[in-house]
Amino acid sequence: MSSDFEVYEQDFGTLTAEITNKVGRIPKLSGDDKKSMVANVEKQMEEARELLEQMDLEVREIPLQSRGLFSTRMKSYKQELEKLDKDFKRSRIAYSDEVNLRNELLGDDGNTSEKQLIKLREERACLLDNTERLERSTRRLEAGYQLTVETEQIGQEILENLHHDKEKIQRARERLRETDTNLGKSSRVLTGMLRRIIQNRILMFILGAIILLTIVLAIYFAVTGH
């Protein structure tokens, strides 16, 4: 299972390196080239998110006592992707884009003032700030949900362990009862054997006494007869 995680991890590293390179090139592009590059990065960002989801599923399959290291790595990768996403959004409204927009506005309409351009920049900055706030709120909700899921999984594992322990205790009690029963039977058997041994010894003593008495009487009658 950990080998699958490592494969996803290598793919994620390669993919994020490509995204970083392309994000750095976006502000230098314009027109169709920029649109194509943006679309390509959006696709790769989605692939990176899917890889993170696969890695997260793999981590959930790891035993709880070994999960800590992989969870830390997952947190680092998620932060890396979040940073890439922010850089990607900022690259789309970078300085080169503003210059192109300014030229378009001033070229199309000579009456367009510098104030309009400044206002447009402010609106874009405000929109980006609101988007980032929304994303942070979404991430916090996702983190809360993830924590809830993990807590539920831990609770289920604890309940399963308790259930297994309960079954072990019940089996141990059953074996103890069987042992007590067997000991009782063994005790009765030994008591019976001891009783028979005592009875046999008593019989042997009686028979010995009878034989001895018979011999004494025979000697006595033999001597008396003469």
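The values are calculated or read from the model by the stated rules, or taken from the named source; none is laboratory data. Since the model is a prediction, treat every value here as computed from it, not as a measurement. A quick note on method: Cβ atoms are made from the backbone with ideal geometry, for glycine too, and the neighbour counts reach across all protein chains shown. For accessibility, only protein heavy atoms count, side chains too; no ligands or nucleic acids. Shrake-Rupley method; radii C 1.70, N 1.55, O 1.52, S 1.80 Å.
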Notebook entry, point to check: How much accessible area does Ile169 have with a 1.4 Å probe, in Å² rounded to the nearest 10?
Noted result: 90 Å²
Margin query: Modelling each spin label as a point 7 Å along the Cα-to-Cβ direction, I'd like the Asn40/Arg60 distance in nm, to one decimal.
Written below: 3.4 nm
Check: Quick one: how many Å² of Arg196 are accessible to a 1.4 Å probe, rounded to 10?
Finding: 130 Å²
Next item on the list: With a probe of 1.4 Å, find how much accessible area segment 185-226 has per residue, and write the answer as a whole number in Å².
Entry: 96 Å²
Item checked: Solvent-accessible surface (1.4 angstrom probe) belonging to Tyr77, in square angstrom, nearest 10 -> 40 Å²
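If the chain between Val7 and Leu203 were fully stretched, how many nm would it gain, using 0.36 nm times the residue separation less the Cα-Cα distance?
Gain in length upon complete extension: 61.9 nm.
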Check: Once you put a point 7 Å from the Cα of Lys166 and another 7 Å from the Cα of Arg133, both along the Cβ direction, what distance in nm separates them?
Finding: 5.0 nm
Notebook entry, point to check: How would Met204, Met193 line up by accessible area, probe 1.4 Å, largest first?
Noted result: Met204, Met193
